[in-house]
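The values are calculated or read from the model by the stated rules, or taken from the named source; none is laboratory data. As the structure is a computational prediction, the values presented were derived from the model and not from experiment. Heads up, the Cβs are rebuilt from the backbone with ideal geometry, glycines too, and the neighbour counts pull from every protein chain shown.
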Amino acid sequence: MSDASTTPLTIVVLVKHVPDVQFDRHIDQESLRLDRSESVLSELDEYAVEAALALVEDNGGFAAGHQVIAATMGAGSSVNSVKKALQMGASSGLHLNDAALAGSDAVATSKALAALVRHVPNVDLVVTGMASTDAETSVVPAQLAELLGFAQLTHAASVAFDASARELTVDREHLNQRVTLKAGLPAVLSVTDQANDPRYPNFKGIMAAKKKSIEEVDLAGIGLAAQEVGAEGSTTSVLAAEQRPARPAGTIIHDSGDAGIALVDFLAAQKLI
Amino acid sequence: MSSALVFFTDLSAAPGKAQRELLTLASRFGTAVVAAATEISAEAREAIAGYGIGTALQAANPGRGFGEHELAVLDAALQHTDADLVLLGNDSFSRELGARIAVRRNAAIVTDVIDVSAELIATKDELAGSYTASAKSTTGVLIAAVKPNSIEDAPAGSAGTVQVTDLVLGDAAAPKVSIVAVEEKVASERPSLSEARVVVAGGRGVDGDFGPLEDLADALGAAIGASRAATDAGWISHDAQVGQTGVTVSPQLYISAGISGAIQQKAGMQTSKYIIAVNKDVDAPVFDIADLGIVGDLAKVLPQAAAEIRRRRA
Ligand SMILES: Cc1cc2nc3c(=O)[nH]c(=O)nc-3n(C[C@H](O)[C@H](O)[C@H](O)COP(=O)(O)OP(=O)(O)OC[C@H]3O[C@@H](n4cnc5c(N)ncnc54)[C@H](O)[C@@H]3O)c2cc1C
């Protein structure tokens with residue numbers, strides 16, 4: 001193995017604790033904020049954790065000195081998403097916990113996460129999922145690249161790392177093209193669900209995670225003032241959020257040989273043909 | 001009166017449907033300016049004029065790096081126009097450009113927008129379309145990524161000629177991200193999935209053969225969609241995937257065939273106006289959101305429907 005390939009990498013994986021998509025999700029009508037009970041690690045962030053772990057394993061493993069720090073922001077229970085990442089194999093955790101974070105929009109979230117990344121010395125790579133399953137904006141990775149001055153490699157459907165050149169190469173679906181992009185470190189990488197198959201934590205991983213450290217910091221600890229985040233630090237203000245009326249119950253028919261005709265009758269009745 | 005800036009990463013001679021919808025939305029505001037990260041052809045200028053928009057900004061793409069030119073153009077256009085509303089596409093590339101400018105220029109970024117009022121209040125889909133929310137900018141600048149099929153395309157009359165100005169971009173730093181290879185996708189005769197009025201989508205139940213779906217899509221002038229199970233199986237390109245990690249669609253009609261209706265699939269199609277589901281299993285969750293549910297074999301139902309459409313048209 002060459003010297004370059006053993007230069008340890010410091011990787012921060014951003015994980016988000018989100019309401020489980022398998023259940024009904026609700027926006028509180030008073031605060032206009034999402035009800036965050038029943039939350040789990042965002043399933044799209046599992047691909048980010050996997051990408052970071054695979055990168056380490058393909059380049060000498062943790063024995064080579066690489067670090068994968070699973071980081072999150074949010075109230076107390078958000079740390080569970082960090083714990084899940086540690087069970088999958090991340091080396092340590094970082095939790096930004098401060099009451100003033102509540103109500104942060106994408107811009108405020110990105111400011112907080114950029115400061116959290118800067119809190120970690122010499123970060124080479126920030127890895128995220130392609131979107132959060134709650135806000136679904138997909139904008140935070142690009143904003144982090146902007147704020148940190150890192151290269152932006154987002155929506156990666158495949159990831160390759162050249163250790164000697166310290167360069168990442170990714171494939172991305174781009175409008176009517178599939179493009180292959182390359183950038184040196186430091187970089188922000190976001191991966192899609194095409195990039196890999198996330199591992200499940202095994203018994204050994206679950207036991208090992210109990211001994212891993214999770215650093216908790218507050219805003220002051222990463223050099224941010226309360227008004228830079230939360231509702232005050234946000235550039236959007238939500239005015240209302242209404243549940244869409246449930247779709248009216250439809251008609252169910254059992255095909256007895258002419259359901260294709262019934263389908264066309266429906267189209268004609270709704271003036272769709 | 002508010003001023004709107006419509007930003008296009010690319011603009012062909014015939015602007016696409018989603019682009020025309022953005023032009024329609026922009027034309028509702030006091031002043032509207034178009035900016036494109038490419039040269040605007042005479043045909044495209046004529047199309048822009050058709051919306052009563054008389055000013056455009058352009059900057060030819062020198063083809064250096066990935067996304068850096070488009071970002072520089074959007075930034076320069078916003079400074080040049082001092083617009084308080086920026087309208088762009090809801091595709092991941094445009095969103096990310098808007099997102100970066102939002103942090104750079106202290107603006108608001110709102111995605112999945114379905115409308116913007118005269119008071120610059122954006123209406124948007126939330127939680128995969130199960131909620132509708134409204135939001136505004138607290139800084140005076142709103143960047144809105146607008147979902148296709150949300151605005152009715154309506155050219156509002158001609159502005160005569162369009163005044164086109166070349167944007168002056170600062171010296172570009174060395175690009176951070178370089179393009180190593182580009183693979184053009186095979187152009188399809190069908191409407192684009194995100195913009196289509198009708199989508200015919202197939203899942204694992206298609207069992208490798210999209211033929212019956214293609215046939216029905218031909219009869220309806222529809223785009224073809226798929227579940228992740230179908231794209232993962234390699235039966236159809238990943239571009240066809242509808243859902244949480246694929247394309248979000250909001251067509252007039254979505255025909256779902258051989259798709260169970262997992263939450264991640266529903267996330268991409270449940271705001272469709274009409275949903276027809278064809279599935280062998282009466283307990284498939286997709287029937288919960290279907291206006292017409294057909295319990296049956298798609299290999300029988302779809303060809304019969306396609307033939308019946310052709311018969312009625314003949
Ligand atoms: C992180 C993540 C992201 C995901 N993103 C997406 C996404 O974007 N889009 C998406 O679709 N999925 C997505 N999924 C996958 C999703 O969870 C489901 O696994 C997937 O949608 C199932 O596809 P399906 O309905 O085609 O297959 P199945 O669930 O296997 O359903 C097949 C259906 O076909 C029916 N059938 C079989 N034969 C016939 C026949 N001859 N005629 C009629 N009906 C028949 C069966 O009754 C069954 O209901 C995601 C999953 C994860 C974890």
Just one listed residue, out of A:ARG25, A:ARG36, is surrounded by fewer than 19 Cβ atoms within 10 Å (Cβ to Cβ) and of a type in the set (Lys, Arg), and it is A:ARG36
Can you name every residue in region A:236-271 that is buried (at least 18 other Cβ atoms within 10 Å of the Cβ) and within 30 Å of B:ALA144 (Cα to Cα)?
A:THR236, A:VAL238, A:ALA241
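Residues are listed down the side, and each one gets a yes or a no for (1) facing chain A (nearest Cβ under 10 Å); (2) within 10 Å of the ligand (Cβ to nearest atom); (3) among the β-branched types (Val, Ile, Thr):
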| position | (1), (2), (3) |
| --- | --- |
| B:ILE236 | no, no, yes |
| B:THR248 | yes, yes, yes |
| B:GLN252 | yes, no, no |
| B:GLY261 | no, yes, no |
| B:ALA267 | yes, yes, no |
| B:GLN270 | yes, no, no |
| B:VAL278 | yes, yes, yes |
| B:PHE287 | yes, yes, no |
Inside region B:202-214, can you point out the residues that are in contact with a Leu (Cβ under 7 Å, 6 or more places away or on another chain) and more than 10 Å from the ligand (Cβ to nearest atom)?
B:LEU213
Over region B:216-230, the set of residues crowded, with 18+ Cβ neighbours inside 10 Å, assigned to a helix (DSSP H, G or I) and more than 15 Å from the ligand (Cβ to nearest atom) is B:ALA217, B:ALA219, B:LEU220
Subset of region A:126-159 that is within 14 Å of the chain's Cα centre (by Cα), more than 7 Å from chain B (Cβ to nearest Cβ) and in a strand (DSSP E or B) - its residue that is surrounded by the fewest Cβ atoms within 10 Å (Cβ to Cβ):
A:ALA156
Are any of the residues in region A:99-110 touching a residue at least 12 places away in the same chain (Cβ under 8 Å), more than 22 Å from A:VAL238 (Cβ to Cβ) and away from chain B (no Cβ under 14 Å)?
no
Only one of these is more than 16 Å from the ligand (Cβ to nearest atom) and out of contact with any helix residue (DSSP H, G or I) (no Cβ under 7 Å at 6 or more places or on another chain): B:ALA174, B:ALA154. Name it.
B:ALA174
Specify the residue that is nearest to the other protein chains (Cβ to nearest Cβ); the eligible residues are those in region A:32-60 that are over 20 Å from the mean Cα position of the chain (by Cα) and in contact (Cβ under 8 Å) with a residue 40 or more places away in the chain.
A:LEU32
For region B:107-194, which strands (runs of 3 or more DSSP E) that fit wholly inside it have 2 or more residues that are more than 26 Å from A:GLN29 (Cα to Cα) and of a type in the set (Ser, Thr, Tyr)?
none
Residue list for region A:160-182, filter: surrounded by fewer than 16 Cβ atoms within 10 Å (Cβ to Cβ), more than 9 Å from chain B (Cβ to nearest Cβ) and over 22 Å from the mean Cα position of the chain (by Cα)
A:ASP162, A:SER164, A:ALA165
Criterion: modelled with pLDDT under 95 and buried (at least 19 other Cβ atoms within 10 Å of the Cβ) - qualifying residue of B:LEU169, B:LEU142, B:LEU127:
B:LEU127
B:ALA257: within 13 Å of chain A (Cβ to nearest Cβ) and away from the ligand (no atom under 13 Å from the Cβ), yes or no?
no
